[in-house]
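This is the structure I have questions about; it appears just below.
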Amino acid sequence: MPAYEYRTIEVDSSVMVAGFGGDVEPPVEQLNELGADGWDVAAPITDKTGETVSLLLQREK
């Protein structure tokens with residue numbers, strides 16, 4: 001069974017509405033760099049209002 005390591009990155013919660021006329025871009029460059037290092041987005045992390053505030057990343061050790 002593979003072992004994983006985890007980390008989080010913060011995201012601007014307004015990124016969720018950027019596609020609906022907002023001007024905030026998702027952290028695509030940062031995610032591409034992390035993806036090149038083997039990291040995958042495992043899950044969003046939300047606050048008590050349901051807004052995404054960070055992303056949980058995982059990669060195989």
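At 0.36 nm per residue, and after removing the present C-alpha to C-alpha distance, how many nm does the segment from ILE45 to MET1 gain when stretched out fully? The partial results should precede the final answer.
Values: separation 44, 0.36 × 44 = 15.84 nm, distance 2.53 nm.
Working it through step by step, the gained length comes to 13.3 nm.
Something else: Using a basic spin-label model with each label point 7 Å from the Cα along Cα→Cβ, how many nm lie between THR8 and VAL53?
0.7 nm
Coordinate-derived values only; no laboratory data. Everything quoted here is computed from the prediction, not taken from an experiment. Counting neighbours? That spans all protein chains shown, and the Cβs are built from the backbone with ideal geometry, glycine included.
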